[in-house]
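Here the structure comes first, spelled out in structure tokens, and everything after it is commentary.
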Amino acid sequence: MRKLMIATALLAATALTGTANASVNISSIAGDPGYLTGNLSYTPGSIVLNGLSIGRFQMNGTTVPGGDPVSYLTYCIDIFHTVHSGLFEIQPLSTLVTDSLRQQQLLALISNTDPLLNSALSLAERQKISAATQLAVWEIAFEGSGTYSLTGGDLKVSGGTTAAAARALADEYLGKVVSNEWTPVAGQQLELLYSKTNQSQVFLSAAVPEPATWAMLIAGFGLVGAATRRRRTTVSYA
């Protein structure tokens, strides 16, 4: 019994830690709950993107290898490529965002806006929350001026259907993250659908226990197995 529990734990640990190196073939991309639009400019890269779709994606595909169906709700974290179907690797957020503070800010942002988006009653409100979250993701990932704002600094968004309301909401979200009113939700982490030639995406997933945590769990299974064996071998006398 003890060997079985340890083997089960080791298999689970291998399966979970192995997902960081998995690949997926994305075959369909749609807006969820739908896009607003706007014009983005990024001064350091001399990038101007007009009529940009702004909001959360639903990306569907299959695992490689295996062919198992997968679905992700993602935000763009790459303004240097356009998005299209194709092969992505599942990578940690640190592959693109190396600053640990910005990693935590992005996790705090998306893990707190996700329930807001899910509970919004109207399509218009969901689209506004989705677009504001996307704007805030870009700002955290790319702003280098020292202050988060969608109307100033290195990265700016204007025009289109984003309107002042979505930009103002994005600035409100950014303020909550910077002030630590919003902190990362426990048990969640951010990962990437990463590609060098496609538009990389960030998505929210369940946190994988650290190796030390797995060691504690396996040791716990061992203690339970030993206690069970002792109970079974105890002899009672009248």
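The values are calculated or read from the model by the stated rules, or taken from the named source; none is laboratory data. Just so we're clear, the structure is a prediction, and the values are computed from it rather than from any experiment. Backbone-built Cβ (ideal geometry, glycine too); neighbour counts: all protein chains shown.
Taking Leu101 as the residue in question, decide whether it is in a helix (DSSP H, G or I) and closer than 17 Å to Gln188 by Cβ. If you could, list the steps in order and put the result at the bottom.
On the way: in a helix (DSSP H, G or I): yes; closer than 17 Å to Gln188 by Cβ: no.
So Leu101 does not fit the description; no.
Suppose we keep only residues that are within 30 Å of Val64 (Cβ to Cβ) and in contact with a Ser or Thr (Cβ under 9 Å, 6 or more places away or on another chain) within the range 114-133. Which one would you say is surrounded by the most Cβ atoms within 10 Å (Cβ to Cβ)? It would help to see each step written out before you state the result.
Taking the range 114-133 as the starting set, the residues that turn out to be within 30 Å of Val64 (Cβ to Cβ) are 114, 117-118, 130, 133.
Subset that is in contact with a Ser or Thr (Cβ under 9 Å, 6 or more places away or on another chain): 114, 117, 130, 133.
Details: Asp114: 17, Leu117: 21, Ser130: 27, Thr133: 25.
Residue satisfying both the conditions and the ranking: Ser130.
Which of the residues spanning the range 62-84 are more than 18 Å from Ala132 (Cβ to Cβ) and touching a Phe, Trp or Tyr at 6+ places or on another chain (Cβ under 8 Å)? Even if it seems obvious, please write down each step before you answer.
So the first thing to find is which residues in the range 62-84 are more than 18 Å from Ala132 (Cβ to Cβ), and the list is 62-72, 78, 80-84.
Within the range 62-84, Tyr72, Val83 meet the criteria.
The conditions are (1) at pLDDT below 95; (2) under 19 Å from the mean Cα position of the chain (by Cα), and His81 fails exactly one of them. Which is it?
Only one criterion in (1) at pLDDT below 95; (2) under 19 Å from the mean Cα position of the chain (by Cα) is unmet by His81, namely (1).
Hand me the list of strands (runs of 3 or more DSSP E) wholly inside the range 26-72 holding 2 or more residues that are over 17 Å from the mean Cα position of the chain (by Cα) and of a type outside the set (Val, Ile, Thr). Before you say what the answer is, go through the steps one by one.
Values: elements: 36-42, 47-54, 57-64.
The strands (runs of 3 or more DSSP E) meeting that bar are 36-42, 47-54.
Given the conditions (1) at pLDDT 95 or above; (2) more than 19 Å from Ile54 (Cβ to Cβ); (3) outside any helix (DSSP H, G or I), report the number of the one that Ser145 does not fulfil.
Among (1) at pLDDT 95 or above; (2) more than 19 Å from Ile54 (Cβ to Cβ); (3) outside any helix (DSSP H, G or I), Ser145 violates only (1).
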